[in-house]
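Down below is the structure, laid out as structure tokens.
The values are calculated or read from the model by the stated rules, or taken from the named source; none is laboratory data. Since the model is a prediction, treat every value here as computed from it, not as a measurement. Note that each Cβ is placed from the backbone with ideal geometry, even for glycine, and that neighbours are counted across all protein chains shown.
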Amino acid sequence: MTIEEIIDLIAGLDGVLTLRPAPGDGSPEISWGDAFFYYAPDGVVPTTRQPFATIVTKDYPDDRSSRLDRPDTFRVNIAAGKEAFVERLGRAPREQAADEVDAGTADAVIAHPVYGGAGWLAVVNPGPRTGEVLRDLLRTAHDRARSSYRRGAEVRPR
């Protein structure tokens, strides 16, 4: 799957706000070229919620283990939640597996190298082995974000 195919898939889900930082838009330079996906049916970037998925195209200072500095390498990060995390990896998010997959392995579902303990999963360069799984995980993350938004909307003063 290409970055554009993934962006189109996520952007096609209801209520998704897609941010694609670029030069001149006031975003930090490190985020340029990446993509961030929020459930925000009002079109306003949430100030109290994280994105439910991101695509990163480069290493960040505290996150170099996926080696995204390799040519044509990117990683999709998904706020999958504990249930999906356990279903895909066979362990709880905060447990370390003895046979943990290298965070730079392409086309494999892995615990996010930094946020795995919070139930985030990741896929470097999704391909034939992970394409359908990735689609399912993104839908799950979207559903979770939508549910969280709706719960929050119910308690907000009008």
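Odds and ends about this structure:
- Exactly one residue out of 75, 70 is basic (Lys, Arg), at pLDDT 95 or above and closer than 19 Å to residue 141 by Cβ, and it is 75.
- Considered as a group, the residues in segment 87-139 that are out of contact with any helix residue (DSSP H, G or I) (no Cβ under 6 Å at 6 or more places or on another chain) and of a type in the set (Lys, Arg) include one that is surrounded by the most Cβ atoms within 10 Å (Cβ to Cβ), and that residue is 88.
- Subset of segment 71-82 that is of a type outside the set (A, V, I, L, M) and surrounded by 12 or more Cβ atoms within 10 Å (Cβ to Cβ) - its residue that is nearest to the chain's Cα centre (by Cα): 77
- Of note, residue 101 does not satisfy the criterion of being touching a residue at least 40 places away in the same chain (Cβ under 8 Å) and assigned to a loop (DSSP other than H, G, I, E, B).
- Checklist (1) at pLDDT 95 or above; (2) not in a loop (DSSP other than H, G, I, E, B) applied to residue 126, failing item: (2)
- Condition met for residue 74 (among the aromatic types (Phe, Trp, Tyr) and in contact with a Pro (Cβ under 6 Å, 6 or more places away or on another chain)): no
- The residues on offer are 100, 95, and the sole one that is of a type in the set (Asp, Glu), modelled with pLDDT under 95, in contact with a strand residue (DSSP E or B) (Cβ under 8 Å, 6 or more places away or on another chain) and farther than 22 Å from residue 9 by Cβ is 100.
- Matching residues in segment 43-94 - criterion: being on the phi > 0 side of the Ramachandran plot and touching a residue at least 12 places away in the same chain (Cβ under 8 Å): 43, 67, 72, 81
The rows are residues; the columns are (1) under 18 Å from the mean Cα position of the chain (by Cα); (2) within 16 Å of residue 123 (Cα to Cα).
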position	(1), (2)
24	no, no
30	yes, no
39	yes, no
43	no, no
49	yes, no
52	yes, yes
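- Counted residues, segment 25-70 - those being in a loop (DSSP other than H, G, I, E, B), touching a strand residue (DSSP E or B) at 6+ places or on another chain (Cβ under 7 Å) and either of a type in the set (Ser, Thr, Tyr) or crowded, with 18+ Cβ neighbours inside 10 Å (or both): 6
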